[in-house]
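A.B. asks: Dropping the structure in here first, questions after.
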Amino acid sequence: MQLLLATALLALLRPHPVNAATTASVKSVTLDIVNKDLAPDGQLRSTIVANGQYPGPAITALKGQTLRVTVNNKLSFDGIFQSTQNAFNEGSAFVTTCPIAPGASYTYEVPLGSQTGTFWYHRYADYDPPDCISYSIPPAFSELGVQYVDGLRGAVVVYDPADPQADLYDVDDLNTIIQLGDWWQNSSSALLVGYEATGIVPVSDSGTVNGAGRFQGGPAVPFAVTEVVSGKRYRLRIINQSARNIFTVSIDNHPMTIIETDGVATVPQTVDTIEMLAGQRYSVVIKADQPVANYWLNAPFVGGAPARNLHQNATLSRSILRYKGAPIAEPNTPWTLGPENGTALVEATLRPLVPSIVPPADVNISLDLQVIAGKAVWNVNNVSYLSPKVPTLNQILAGATEEVDFNATENTFVLPAHKTVQISFPPTDDDDAHPLHLHGNNFWVVKSMSSPDINTIDPIRRDVKVHSLEIYKAVDDAFLLGPWLFHCHIFWHKFAGLATVMVSDPANIRKKVKPSAAWQALCPAYDALPEELQ
């Protein structure tokens with residue numbers, strides 16, 4: 001994968017926003033996961049956050065470094081690849097690891113290799129209820145299935161000092177990261193009780209941009225501000241950190257030139273609006289070439305029927321682009337949902353900066369996504385995913401090789417070595433755009449929902465896309481071996497079973513994966529917890 005940066009060394013020269021230490025080869029970061037009362041949209045609530053803030057502190061590194069991230073609870077680094085040897089540090093609970101016990105710490109070692117781009121981290125734990133249709137939610141652990149709803153999410157940026165597109169922008173720093181999020185004023189544990197009872201995904205109270213938002217009838221929380229200087233070009237790294245909502249991003253009077261999609265450098269393409277599903281990331285370049293003033297960055301969202309939550313007003317989801325020298329005030333222009341006749345991004349038109357031809361598929365897998373009406377249950381090929389008691393990787397290391405070696409409810413697909421796998425999705429009756437996310441690798445999008453065409457010549461590679469038809473190369477030198485979760489990034493759906501595990505070449509995984517002693521200690525510590533904490 002390729003990427004971008006003209007001012008990467010600034011990441012080392014400026015004070016870091018986290019407790020961090022950097023050497024030529026290692027970037028060390030400490031994240032303290034804490035409960036804190038915060039009010040991102042003006043309504044105070046207890047949150048679970050990193051280092052006491054929402055979003056959590058940005059983690060930055062340079063291409064080729066190793067991230068050493070110490071946390072006292074479970075994280076997942078969305079879009080960051082792990083080598084096969086390091087698959088045990090990937091962070092998916094009960095897939096590549098056991099959860100970290102309450103009050104304990106774990107240090108993730110993440111060799112970045114040649115990977116660069118825009119990513120994010122969030123809480124990624126789960127637990128195995130006895131029955132996904134009716135159960136009592138354990139009070140101390142239940143929220144972990146969707147716990148980043150409670151605030152634990154933040155940006156990860158890997159800069160490339162030799163970015164091939166560095167000549168397109170002048171500024172790329174912490175101030176140009178744009179983090180979008182859906183926000184609920186209730187805790188995830190209470191929301192899960194309602195979801196389990198009705199099968200209706202909770203509708204958010206508000207949307208936040210860089211941690212600030214407003215809800216209908218609520219206080220006028222100050223909007224987040226991104227400051228620019230006339231004449232300069234800015235790379236904005238936009239991340240949709242939602243558990244559900246789709247955001248549509250635009251900036252008044254400022255076209256956006258896309259140069260990165262989910263960590264993959266793209267051929268520059270200028271648009272006015274970008275629709276972003278949960279988990280997706282884009283880097284765009286804007287030119288500060290307008291009169292000195294304040295301008296709206298519009299981020300309206302959709303995510304369920306607004307009538308189910310009267311706090312919701314998508315027009316309130318926005319921030320301010322402020323030119324240096326402009327008044328410290330909100331823009332005096334109308335609040336809109338974005339340009340009425342602007343050029344919208346069509347995903348099928350994205351092209352990678354370094355294209356590759358998709359080889360013919362050797363294996364075809366069809367994944368049929370179906371919901372049980374009125375229940376918090378999603379099935380993939382008639383199976384609702386349930387986390388195993390023993391993580392998938394542990395089972396592989398103990399000898400599991402064939403699909404029959406795993407419980408049926410783990411919905412595990414064993415992929416053959418040195419083959420290209422095509423995954424397709426039959427039409428469904430539901431109206432959800434499921435943003436499907438593959439851990440550990442990305443995939444070619446040969447058929448986008450935005451076009452009837454199939455592209456095997458130069459399709460974009462990404463790691464989150466709406467379900468349609470996609471091909472990803474499995475188990476050759478370009479595919480990182482491991483047990484990789486493939487799930488809907490509407491995390492309520494993932495919690496309800498909309499997930500599978502793709503296991504590539506188990507025999508080779510056993511040869512290459514060498515877990516650390518600290519990792520090996522996680523499962524015994526977790527298994528020793530009282531039942532109510534598991």
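Please treat every number below as a calculation from the coordinates, not as lab data. Please read all numbers here as calculations on a predicted model, not as lab measurements. Here the Cβ positions follow ideal geometry from the backbone for every residue, glycine too, while neighbour counts run over all protein chains shown.
A.B. asks: Provide the gained length on full extension for the span Asp362 to Val292, in nm with one decimal, where the gain is 0.36 nm per separating residue minus the Cα-Cα distance.
C.D. replies: The Asp362-Val292 span can extend by a further 19.6 nm.
A.B. asks: Summing +1 for each Lys or Arg and -1 for each Asp or Glu, what net charge is found among the other residues whose Cβ lies under 15 Å from the Cβ of Val503? If you can, show how the numbers build up before the last one.
C.D. replies: On the way: positive: Lys419, Arg510, Lys511, Lys512; negative: Glu90, Glu402, Glu403, Asp405, Glu410, Asp505.
For residues surrounding Val503, the net value is -2.
A.B. asks: Another question about this same structure. Output ³J(HN,Hα) for the range 440-450: one whole-Hz value per residue in order, computed from phi by the Karplus curve 6.51 cos²θ - 1.76 cosθ + 1.60 with θ = phi - 60°, and x for Gly and Pro.
C.D. replies: The phi angles translate into x, 7, 10, 9, 6, 9, 7, 9, 8, 5, 7 Hz.
A.B. asks: Calculate the dipole size of the range 395-534 relative to its Cα centre from +1 charges on Lys and Arg beta carbons and -1 charges on Asp and Glu beta carbons; express the result in debye to the nearest 20. Show your work: numbers first, answer last.
C.D. replies: Values: 11 positive and 18 negative charges, 135 e Å.
In debye, rounded to 20, the range 395-534 gives about 640.
A.B. asks: Roughly how big is the range 286-359's charge dipole about its Cα centre, with Cβ charges of +1 (Lys, Arg) and -1 (Asp, Glu), in debye to the nearest 20?
C.D. replies: 160 debye
A.B. asks: Another question, if that's okay. Please grab the % of Cα pairs in the range 201-338 that end up more than 27 Å from each other.
C.D. replies: Numbers: 1859 of 9453 pairs.
Every Cα pair in the range 201-338 considered, those over 27 Å come to 20 percent.
A.B. asks: May I ask which of Lys27/Lys389; Lys36/Lys389; Lys324/Lys465; Lys419/Lys514; Lys36/Lys514; Lys63/Lys447 have a Cα-Cα span longer than 29 Å here?
C.D. replies: The pairs that break the limit, which is 29 Å between Cα atoms, are Lys27/Lys389; Lys36/Lys389; Lys324/Lys465; Lys36/Lys514; Lys63/Lys447.
A.B. asks: Of Thr270, Asn309, Asn341, which is farthest towards the positive pole of the range 253-347's charge dipole, taken about the Cα centre with +1 and -1 on the beta-carbons of Lys, Arg and Asp, Glu respectively?
C.D. replies: Asn309
A.B. asks: Against the empirical 2.2 N^0.38 Å scaling, what ratio does the C-alpha Rg of the range 152-245 come to?
C.D. replies: Ratio of Rg to 2.2 N^0.38 Å for the range 152-245: 1.42.
A.B. asks: To continue, here is another question. Rg and Dmax of the range 333-420 over Cα atoms: what are they, in angstrom?
C.D. replies: Using the Cα atoms of the range 333-420, the pair Rg, Dmax is 20.9, 64 Å.
A.B. asks: If you don't mind, there's one more thing I want to ask. Give, as a single signed number, the net charge of other residues whose beta carbon lies under 11 Å from the beta carbon of Gln85, with Lys and Arg counted +1 and Asp and Glu -1. Walk me through the intermediate numbers first.
C.D. replies: Details: positive: Lys511, Lys512, Lys514; negative: Glu109.
Every neighbour counted, the sum reads +2.
A.B. asks: In addition: Please compute the Cα-Cα pair-distance distribution of the range 336-477 with 5 Å bins starting at 0, giving whole percents from short to long.
C.D. replies: In whole percents, the pair-distance histogram is 2, 8, 15, 18, 19, 15, 11, 7, 3, 1, 1, 0.
A.B. asks: Please compute the volume of the convex hull spanned by the alpha-carbon atoms of the range 318-375 and report it per residue in Å³.
C.D. replies: It is 278 Å³ per residue.
A.B. asks: So how compact is the chain: Cα radius of gyration and Dmax in angstrom?
C.D. replies: Gyration radius and largest Cα-Cα distance of the chain: 21.8, 66 Å.
A.B. asks: Sum -39500 (n - 2.57) across every DSSP H segment of at least 4 residues in the chain, then divide by the residue count to get the 222 nm mean residue ellipticity, nearest 500.
C.D. replies: Theoretical 222 nm ellipticity from helices: -2000 deg cm²/dmol.
A.B. asks: Now for a separate question. Using only the alpha-carbon atoms, how far is helix 188-198 inclined from the longest principal axis of the chain? Give it as 0 to 90 degrees, nearest 10.
C.D. replies: Tilt of helix 188-198: around 70 degrees.
A.B. asks: Can you give the net charge of the other residues whose Cβ lies under 14 Å from the Cβ of Gln520, counting K and R as +1 and D and E as -1?
C.D. replies: Around Gln520, the surrounding residues sum to 0.
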